[in-house]
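The values are calculated or read from the model by the stated rules, or taken from the named source; none is laboratory data. None of the values given here were measured: they were computed from a predicted structure. Quick reminder, even Gly has a Cβ in these numbers, built from the backbone with ideal geometry, and neighbours come from all protein chains shown. For accessibility, only protein heavy atoms count, side chains too; no ligands or nucleic acids. Shrake-Rupley method; radii C 1.70, N 1.55, O 1.52, S 1.80 Å.
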Amino acid sequence: MDAPDYVLEGERVALGPLRTDLADSYRRWVHDLDVRSGILTVGVYALEAEEAWVQETIAKCGGASPEIAAFTIYDLSDAIPVGTASLMAIDWRLGRATFGIAVGERRGKGLGTDATRLTLDWAFNILGLQNVMLTVLPTNTAAIRAYEKAGFKRIGARRAAVVVQGRRSDELLMDAVPDEFESPVLAARR
């Protein structure tokens, strides 16, 4: 495995670009039942499909107006990749994006909270976005706590909007805006 290429370091984690050599790790994380229940995926992904997804996503991350900002999350204690975080559906005209995260290793240790803060820092202070939204299941209380610690606020719910393990469920809507966000890294560098 190649040495990590960090683009932003926080207290406990660093963010780096997606890597093709980590496609099997990304795939394994999505197949983990705990991760799967939080990201609502029902597909089973062969390594070739995950490699293709990584290549397509990397291509969408480049240029002056990327469609996506996708990161590998690394635990700074040992530089091990533990998950991914992304800003998706970036709308440059409206200054907004949708956030998603999958912590595949070492859940429950605060790494997801730190990665979420860093991703918001990137959104507001590098990309200049004005609103980042996410959806989360109301039963995913650990994620909701992490999102709130990182700077997201609850803004509502879509009732019976998703199917989880064959049953209808609500999904909570949360968002973050730069005026209510305390930058952990980038504001100090301005």
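The criterion of at least 1 residues that are over 15 Å from the mean Cα position of the chain (by Cα) and more than 30 Å from Arg167 (Cα to Cα) is met, among helices (runs of 4 or more DSSP H) falling completely within region 3-83, by 23-31, 47-60.
Scan region 167-182 and give yes if some residue there is in contact (Cβ under 8 Å) with a residue 40 or more places away in the chain, open to solvent by 40 Å² or more (accessible area, probe 1.4 Å), over 27 Å from Trp92 (Cα atoms) and not in a helix (DSSP H, G or I), otherwise no. Within region 167-182, not a single residue is in contact (Cβ under 8 Å) with a residue 40 or more places away in the chain, open to solvent by 40 Å² or more (accessible area, probe 1.4 Å), over 27 Å from Trp92 (Cα atoms) and not in a helix (DSSP H, G or I).
Against the conditions (1) in contact with a helix residue (DSSP H, G or I) (Cβ under 7 Å, 6 or more places away or on another chain); (2) charged (D, E, K, R); (3) farther than 23 Å from Arg93 by Cα, Asp121 satisfies every one except (3). Sort out which residues of region 101-125 are under 17 Å from Cys61 (Cβ atoms) and open to solvent by 20 Å² or more (accessible area, probe 1.4 Å), and write them in order of number. Correct list: Ile101, Trp122.
So in region 27-59, with the set limited to residues that are hydroxyl-bearing (Ser, Thr, Tyr) and at pLDDT below 90, which one is least open to solvent (accessible area, probe 1.4 Å)?
Looking only at region 27-59, we keep the residues that are hydroxyl-bearing (Ser, Thr, Tyr), and these are 37, 41, 45, 57.
Going one step further and asking which of them are at pLDDT below 90, we end up with 37, 41, 45.
Values: Ser37: 49, Thr41: 25, Tyr45: 79 Å².
My answer is Thr41.
Please enumerate the residues belonging to region 150-166 that are in a loop (DSSP other than H, G, I, E, B) and open to solvent by 40 Å² or more (accessible area, probe 1.4 Å).
Scanning region 150-166 gives Gln165, Gly166.
The set of residues in region 100-121 being β-branched (Val, Ile, Thr) and part of a helix (DSSP H, G or I) consists of Thr113, Thr116, Thr119.
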